[in-house]
Every structure is written in structure tokens, then in C-alpha cells.
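Scroll down for the structure; my scribbles are underneath it.
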Amino acid sequence: MIDRSPRRGQGRSTAKRNRALGFGVVVASIAMFASGCVPNAKQDSLNPKSHYAQTIYNLIVPVFILGGIISLIVLGGTMYFSVRYRAKGDLSDDENIPEPVHGNAIMELTWTIIPSLIILVIGGATVITIFKLDKQPPPQNPHIEVIGQQWWWEFRYDLSTTSTESARKYNDIVTANDMVIPAGEDISLRMNSRDVLHGWWVPELQGKRDVVPGRTTMFNVAADKPGTYYGQCTVICGLSHANMRFTVVALSKADYAKWVEHQKQKATVPTSGLAKEGAALFRSQCGMCHDIRGIVTAAPPASSPLVSGAAPDLTHLMTRATFASGTFDLRVNTPRCVAKGLNYADDPTCINSAELRAWIHDPTDMLPMAAGESELKANKVRGMPNLNVSPSGLDQLVAFLETLK
Ligand code: HEC
Ligand SMILES: [Cu+2]
């Protein structure tokens, strides 16, 4: 026979543990709740900055209020009845057990019809919202292909005005991590992944959209006003998932037009100094993975050392505000440099050369990535490997990258 009687000290320590656990849960809940009240949070879906986000907000708020009222009624009722009609007397005596209610048609109809109506209203409003969000922008608006991969986002622009989606090549401008759009316009997004599941989310501008390898979906985004909006990968996608950020940079229409004209240009090989040597070094050491239009074309995906087959296009690296999946600033983060917008590189003191150099020296030291010796040997690299560049090589490479305006 097993002795099931609780041993003395044990019962007390369990109670203590439960109390500590309960206290922990309360503190964590308050902390989580309070963190939702931070002013100027960068990723706040309750602070809509586009008509898409506003449409979602207009659905969330009434549903939240309705859900809140229902919870109050149900929880309040449960509490009230459990106190008011608490069992009294000896429960082993059938006399003290209340008579169960059976076959009361009016009550059963009431508690079937009311929730069905509520669900119907919420369901209807949700379907209307989905159709509103899904409306494709006109063909002359910017069309951008969004490709998620471990652990960064690629943005490929198609500048044609064709209304046939399959005729679009998405090859006019290629950039990474900073997605530049004109404010006040609806942007069409074609969503893809090269390796595993990722989730694209800019809470202030739109809902979430997961990207699935081998499956293309259409989505869209907009920003009412020029500004920088912060996004993040929301589907766990491996080692550096938590570092997979990006920004949407909305420019005025005139600034966007200038940006487009500039991005279409190819890079030119520097003709003198450190930068010239850097270009040669880049061709031999980095060109198998990275494209720089006009200078070097990466290996085709099938023979690339990368699992995904693609690394960020660096043609206009110095017009991005961040690098390495939005984790580090390329533009020095002072008010003076930030005020220069995406033209910061005209002033060399506004380039974050130190972290750029540290990145090339050992990227795996700056972000967790599956890019060691063994992955490199097996052509199974995820992320950027340490290429053991010498100190003088680093100076040359940084000088070269700084010419990529
Ligand atoms: C095996 C492929 C591979 C090689 C070789 C390689 N890189 Fe990379 N590089 C990557 C990948 C992948 C990323 C994206 C990492 C991320 O954002 O998480 C990257 C990111 C970068 C970035 C940041 C770009 C951005 O916009 O975020 C720079 C700059 C860069 N590499 C420079 C270099 C230089 C210089 C060399 C040569 C010394 C080099 N890379 C060699 C794969 C490679
Ligand atoms: Cu991801």
C-alpha cells in the first residue's frame, strides 16, 4: 500500500512555492500590462499611421469592448452565483444537491441565439475588413517584392505600370532591410520566402503577413505621412530570429521620385586609393554572395554557399539607414546626421564606419548566425561568415563600401 498522506514539512513548502509562483505571475502580468502603456513605443498597433492600420483598429476596438462587456457579465455572474448560492449543509445527502435544470427551451434558445448573433456580427465585420485590406492598389503605384530569409528582408522594386502581375520582373531596384516608399500612396507587396517561414509586421502600418517558401501572396502597405516605421519578423525562424528587424522609410512624393532615380543607377569602380584596392578585394572575397550592380554579380543561387542563395545587394548600401537586418545603424544616430535623411553619406562623419568594419571583421561575433567553417565547407551557410580579412583589407573594404552611395 502506498502512503498518500502528505508529509508535514512538504505541504508547507508547496504552499510557499505556490504563493511565490502566484506573486511572480501577478508581477509579470502588471509588468506586461504596464509595458503596453509606454509612450512613443516604436511598434504600437494601437497607434495607426495608415488607413490599413486604421481599418484594423476600427475592428479591434469595438470587438475588444464587446468582449470586455461579455467577460464582465460572465465572470461577474459566475462569481456572484458561486458566492450567493454556495452549497450549504452535508453534500453527501442528496437533499442538499440542487435539482439540475433540463429541457428549458426558452433558456436554451436564449443562450444559443445571443452568442450566435454576436459571432455573426463580429464575423461579418471581420470579413468586410479583410476585403477592404485586400484591395489591390492600382498598377501605376509602386510594386515591391518582399522576400524573407535567414535573417534579413530583401525588397525588390518593379517600376513598370503593367496590370498583369506575372509580367512584373521585380528587378529595377534591389535593397535590403530599409523599405523606402512614398507617403500617402498604397503600395502593392508580393510576399515570398527563400528558406523558412518568416512573418512581416509593421504594427503602425498594417497587419501581419507570414511568408512561406514556395508560396507567393499579395499584400499591401501605406504610410499617411513621411517618417520611419519599425517592423520585425514575427515567426520564429532560427538563430537570429529576434534580430530580424526592418524599417519602412516613407518619403514625400518628390523625395521618393529622387530616391528611385538614384537607386536605378549602377555603381562605378573607384579609380584610386584604398577604395580601388577594396573593390578588387571585394570581387575576390565577397562577390560570390553579394551583388553590386555595375561591379560584381553574385554566384547563381544553385552554386552559392548560402542555403537561400542570396545576400543583400550592396549597390547603394550608403543610402540605407541600417545594416544587418536593421540591427545596426549605418547612419550615425545624432540629430545632425539623422536630419540628413538617406543622404547622410555625403558627410563621412555621419557614416558608422566603426561598426561596419567590426561587421566585416567578424559578423558572427555581432549576430548569432550559422556561418562557421563547417557550414562554409558544406555550402550550407545561413548568415555571413567570418572571412578572416586582414586589418589592412578591412580598411580597404570599408573605404570601398563608403563609395556605394
Ligand atoms: C557566404 C556569403 C557571404 C559572403 C562571402 C559575404 N557576405 Fe556579406 N552578407 C551575407 C549575408 C547572408 C548577409 C546578411 C546578414 C544579415 O543581415 O543577417 C550579409 C550582410 C552584409 C552586409 C550588410 C548589408 C545590409 O544591408 O544589411 C555588408 C556590408 C556585407 N555583408 C559586406 C560583406 C563584405 C565586405 C564581404 C567580403 C569580405 C562579405 N560581405 C562577404 C553573406 C555573405
Ligand atoms: Cu524571420
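GLU373 passes every criterion in (1) out of contact with any Pro (no Cβ under 6 Å at 6 or more places or on another chain); (2) crowded, with 17+ Cβ neighbours inside 10 Å apart from (2). Of the residues making up the range 230-244, those that are more than 11 Å from the chain's Cα centre (by Cα) and either more than 25 Å from VAL381 (Cα to Cα) or hydrophobic (A, V, I, L, M, F, W, C) (or both) are CYS237, LEU239. If you go through the range 157-166 and pick out every residue that is open to solvent by 50 Å² or more (accessible area, probe 1.4 Å) and touching an Asp or Glu at 6+ places or on another chain (Cβ under 7 Å), you end up with 1.
Can you pull out every residue in the range 198-219 that is of a type in the set (Phe, Trp, Tyr) and open to solvent by less than 10 Å² (accessible area, probe 1.4 Å)?
Hit for the range 198-219 is TRP200, nothing else.
Mind checking which residues of the range 376-405 are open to solvent by less than 30 Å² (accessible area, probe 1.4 Å) and within 16 Å of ligand 2 (Cβ to nearest atom)? GLY383 - this is the single residue of the range 376-405 that is open to solvent by less than 30 Å² (accessible area, probe 1.4 Å) and within 16 Å of ligand 2 (Cβ to nearest atom). Candidates are the residues of the range 311-325 that are more than 8 Å from ligand 1 (Cβ to nearest atom) and open to solvent by 10 Å² or more (accessible area, probe 1.4 Å); the one that is nearest to the chain's Cα centre (by Cα) is ALA321.
For (1) open to solvent by 70 Å² or more (accessible area, probe 1.4 Å); (2) among the basic types (Lys, Arg), each residue gets a yes or a no:
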{"residue": "GLY36", "(1), (2)": "no, no"}
{"residue": "ASP44", "(1), (2)": "no, no"}
{"residue": "HIS51", "(1), (2)": "yes, no"}
{"residue": "VAL74", "(1), (2)": "yes, no"}
{"residue": "GLY77", "(1), (2)": "no, no"}
{"residue": "VAL83", "(1), (2)": "yes, no"}
{"residue": "LYS88", "(1), (2)": "yes, yes"}
{"residue": "PRO98", "(1), (2)": "yes, no"}
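Output the residue which, of all residues in the range 388-405 that are charged (D, E, K, R) and in contact with a Ser or Thr (Cβ under 8 Å, 6 or more places away or on another chain), is nearest to HIS361 (Cα to Cα).
The first filter runs over the range 388-405 and keeps only residues charged (D, E, K, R), leaving 395, 402, 405.
From what is left, the residues that are in contact with a Ser or Thr (Cβ under 8 Å, 6 or more places away or on another chain) are 402, 405.
Numbers: GLU402: 16, LYS405: 22 Å.
In this case the residue turns out to be GLU402.
Selection within the range 176-194: residues that are surrounded by fewer than 23 Cβ atoms within 10 Å (Cβ to Cβ) and of a type in the set (S, T, N, Q). The member of this set that is nearest to ligand 2 (Cβ to nearest atom) is ASN192.
Per-residue answers, yes or no, for (1) open to solvent by less than 10 Å² (accessible area, probe 1.4 Å); (2) β-branched (Val, Ile, Thr); (3) in a loop (DSSP other than H, G, I, E, B):
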| residue | (1), (2), (3) |
| --- | --- |
| GLY103 | no, no, yes |
| ILE114 | no, yes, no |
| ILE130 | no, yes, no |
| GLY148 | yes, no, no |
| VAL196 | no, yes, yes |
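Scoring ALA242 on the criteria (1) within 19 Å of SER325 (Cα to Cα); (2) touching a residue at least 24 places away in the same chain (Cβ under 8 Å); (3) within 16 Å of ligand 1 (Cβ to nearest atom); (4) not assigned by TED's automatic domain parsing to the domain that holds SER390 leaves a single failure, condition (2). SER308 passes every criterion in (1) among the polar types (S, T, N, Q); (2) assigned to a helix (DSSP H, G or I); (3) in contact with an Asp or Glu (Cβ under 6 Å, 6 or more places away or on another chain) apart from (2). Annotation note: of THR297, THR268, the sole residue that is among the hydroxyl-bearing types (Ser, Thr, Tyr), more than 28 Å from MET369 (Cβ to Cβ) and more than 25 Å from the chain's Cα centre (by Cα) is THR268.
Scanning the range 223-238 for residues that are more than 16 Å from ligand 2 (Cβ to nearest atom) and surrounded by fewer than 23 Cβ atoms within 10 Å (Cβ to Cβ) turns up ASP224, LYS225, PRO226, GLY227, THR228. Within the range 207-222, restricting attention to residues that are closer than 16 Å to GLU145 by Cβ and assigned to a loop (DSSP other than H, G, I, E, B), which residue is nearest to ligand 2 (Cβ to nearest atom)? Here the answer is PRO213.
The values are calculated or read from the model by the stated rules, or taken from the named source; none is laboratory data. What you are looking at is a predicted structure, and each value in this text was computed from that prediction instead of being measured. For neighbour counting, all protein chains shown are included, and Cβ atoms are generated from backbone atoms with ideal geometry for every residue, glycine included. When the accessible area is computed, the model is the full protein with side chains, heavy atoms only, and any ligands, DNA or RNA have been set aside. Shrake-Rupley method; radii C 1.70, N 1.55, O 1.52, S 1.80 Å.
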